[in-house]
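The values are calculated or read from the model by the stated rules, or taken from the named source; none is laboratory data. Bear in mind that the values here come from a model prediction, so they are computed numbers and not experimental data. Glycine gets a Cβ as well: all are built from the backbone with ideal geometry, and neighbour counts include every protein chain shown. Calculation scope for accessible area: heavy atoms of the full protein, side chains included, ligands and nucleic acids excluded. Shrake-Rupley method; radii C 1.70, N 1.55, O 1.52, S 1.80 Å.
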Amino acid sequence: MEVPDDWPYADEPTVCAACGSDDDRYVTVESLGLVWGAAMDGGLAPTAVGDYSGTLRLRCCHDCWTEAGIDALDEVRTLVDPDARATGGHSFALDDERVAAAARLDAERVAVGDLRSLDYRSDPEREHVRSQDEAVEAVLDAWFDRG
């Protein structure tokens, strides 16, 4: 599926999403969900994703992976902390380490890995996804406001 032209993401993850290095020693992450791009510098807000779902692909040099803590994103699909209790009226809590790692990334150096249309879903299912996107956006906004 074709990525919309107005999205901020790269065609391919060719450099470190954190520092821009093209070092030969790097890790590729392909599991982070599309809506979590909102935690990145310049990333797309969850409510701007529209009728799509998918994942992001990013490359991270060895130094940023280990020293800048980007390794917190190793094999994660979500920035939600499954063990934390939500507070402040939010339906879920964020994992501070994961969000901080994602915030170090430049969305223009991250690519869309997997993109699917929600057209095949019923209207109630799409509304549910949009509602979740709004909740993600609200909780990310609150996380960055407190930081």
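Here are a few things to note about the model shown:
- Under the Karplus curve 6.51 cos²θ - 1.76 cosθ + 1.60, θ = phi - 60°, whole-Hz ³J(HN,Hα) for the stretch 109-118, x wherever Gly or Pro sits: 9, 9, 10, 7, x, 10, 10, 10, 7, 8
- Heavy-atom accessible surface of the chain: percent carbon and sulfur, 1.4 Å: 41
- Couplings 3J(HN,Hα) for the stretch 47-60, derived from phi with the Karplus relation 6.51 cos²θ - 1.76 cosθ + 1.60 (θ = phi - 60°), are 6, 8, 5, x, 8, 10, 9, x, 10, 10, 10, 9, 10, 9 Hz, where x marks Gly and Pro.
- In this structure, the amide hydrogen of residue 94, modeled 1.01 Å from its nitrogen in the peptide plane, lies closer than 5 angstrom to those of 81, counting only residues at least 5 positions away or on a different chain.
- Phi-based couplings in Hz for the stretch 139-146 (Karplus 6.51, -1.76, 1.60; Gly and Pro marked x): 6, 5, 4, 5, 4, 6, 5, 7
- Dipole moment magnitude, nearest 20 debye, the chain about Cα centre, only Lys, Arg, Asp, Glu C-beta charged: 300
- Answer label, with Cα extents along the principal axes in Å calculated from the coordinates and candidates [x] 212, 24, 8; [y] 52, 46, 26; [z] 46, 36, 23: [z]
- Estimated purely from DSSP H runs of n ≥ 4, each contributing -39500 (n - 2.57), the mean residue ellipticity at 222 nm for the chain is -8000 deg cm²/dmol once divided by its residues.
- Surface per residue (accessible, 1.4 Å probe) for the stretch 32-147, Å²: 51
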